[in-house]
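Single-structure report; data block below.
Values quoted throughout were computed directly from the atomic coordinates according to the rules given, and no laboratory measurement underlies them. Remember, predicted model here, so these are calculated numbers, not experimental data. All Cβ positions, glycine included, derive from the backbone under ideal geometry; neighbour counts span all protein chains shown.
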Amino acid sequence: MGERTIIPFGPQHPVLPEPLHLDLILEDEKIVGAVPSIGFIHRGLEKLVEKRDFQEMAFVIERICGICSFIHGQGYVQTIEAVMGVEIPERAKYLRSFWGELSRVHSHLLWLGLMADAFGFESLFMHCWRVREKVLDIFEETTGGRVIFSVCKVGGLWKNVDGDTLRRIGGVLKDVDKDIRPLADVFMRDYTVQKRCVGLGVLTKEEAFQLGAVGPMLRASGVAMDARKLGYAAYGNLEFEPVTENAGDCQARIAVRVREIYQALDIMRQCIEKMPGGEVATTVKGNPQGEYLSRLEQPRGEAVYYGKGNGTKYLDRFRVRTPTFANLIPLLHIIPGCDLADVPLLALTIDPCISCTER
Amino acid sequence: MSFLPKSPWLVHYDASSCNGCDIEVLACLTPVYDVERFGVLNIGNPKHADIFVVTGSVNEQNKAVIKNIYDQMAEPKVVVAIGACATSGGVFRECYNVSGGVDTVIPVDVYVPGCAARPEAIIDGVVLGLGVLEAKYGEKGKVAS
Ligand code: SF4
């Protein structure tokens, strides 16, 4: 057994655009421990609720993270609507679900690309991002933004999408589906991908549950938990089942995300079919008073939003528990015992979003 | 427009951005925008880079990291600040942990507006940065090679 060495990983490093820092403790090539240090992107935006009124704050909350931006906005307004007892129009609920699923497709494609890059499959990375651009085009057409949308407001939505556009988008989604199939095939069957991912970073069902893993990380270990099943927005009227895999390794996490893309595309099709007509916003009177906690399923897992109003237009407190934060503990659990060269892969399989975690 | 005979290499650091601008920087490298076809590479090593692309605002923790990356880069070098956050602090400027734009720590040559900055704007910013790089070579009495 060799001596112990500490290798710093990050904050500026080539695998992730985000500053994640880990001190890796090594014995020869094997890792025996990992110590994270955070705070490189802490902004402290939760405290801004004291300076921005509750309607403006929706725009700030969306900027917690540029990847799950829509669902962050949705989580915030949903919390405030519950505090104020506002019932939003049906069409707005369906549109929220629609954009939520579109975010999931874009986020998972982004992740698959980064994952391919992490195991050194550059052309696959490029192809994933090529397909993702189609999804971003839909976002741009319907909301006006590619990554930051600002369409959610307390009481509904700022923008409506007409039926013709939606039907045309339905066609584009079919193309996206077609484009993804060959890529998915590579991820699921390719020999080199299997070599890198099968059996790596195994998290058993019990461990995943006990360590509090969320999202695809949890579902890849065989626990069928999905916050969308709570039926927020229009999910109560849409048909879907949580996607699960049993192996709990990196390959299983890839499989869950690939299958969730198909699932999201299917949910969007249902949204387009079932979406009722009418307005997308109601008028909101008064200020929030009271507190509420809501749970939403981000592409990375379950996020928890807590808001407390005091009857003025500024909130007392707003808090977000993001999925990456929950998944860091399982990550630290799977890193010891693996090779140094596998750390980028393992760090990526939780789909880390440091901006969310540190806010 | 610039006549540098060499394509610039970039090093990208995410200060405290929301990721929005970061993924747009990455989107520039991938199909549809694909700046790699012009030889522009995003590399991890600051010592190989000509242009430092920073997204996000400055806070206490990452000040030293930004400074460190900047100091490691060889002269002449250009800094491009991308997005409202990097140019001024953006929506987060009043947060307790944000001390402002990137120009509070290192000199910035090009400011790219937008929240999130669009890939077109980012590419435009980098092209402007090329002009600055050429001028800096000129000041040193050298021709870029
Ligand atoms: S400028 Fe906007 S999109 Fe870019 S990092 Fe800042 S908040 Fe995010």
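Sites listed here are GluC sites (Glu not before Pro) in segment A:268-329 whose DSSP assignment is loop and whose Cβ has at most 13 other Cβ atoms within 10 Å: A:279.
Residues in segment A:86-115 near a label at residue A:190, defined as backbone nitrogen under 20 Å from the 7 Å Cα→Cβ point? What the label zone holds, given the 20 Å backbone N cut-off, is A:106-115. Beyond 25 Å, the tail of the calculated P(r) for chain B holds 22 percent of the Cα pairs. Taking other C-beta atoms within 10 Å as the exposure proxy, A:164, A:190 rank A:164, A:190 from fewest upward. Here B:57, A:69 are placed in order of increasing Cβ neighbour count within 10 Å, fewest first, which gives A:69, B:57. Among the listed pairs A:178/B:6; A:153/B:77; A:51/A:205; A:47/B:63; A:178/A:274, those whose Cα-Cα separation exceeds 32 Å are A:178/B:6; A:153/B:77; A:51/A:205.
In summary, the aspartates and glutamates within cross-link reach of residue B:67, defined as a Cα separation below 18 angstrom excluding same-chain residues under 8 places away, comprise A:18, B:14, B:50, B:75, B:103, B:109. Counting every other Cβ atom within 10 Å of each residue's Cβ, A:230, A:157, A:265, A:95 order from fewest to most as A:230, A:265, A:157, A:95.
Free of any trypsin sites (Lys or Arg not before Pro) that DSSP assigns to a loop and that have at most 14 other C-beta atoms within 10 Å, the longest stretch within chain B is B:7-139. The ellipsoid equivalent to the alpha-carbon distribution of segment B:14-56 has semi-axes of 18, 16, 6 angstrom, derived from the gyration tensor eigenvalues as √(5λ) and listed largest first.
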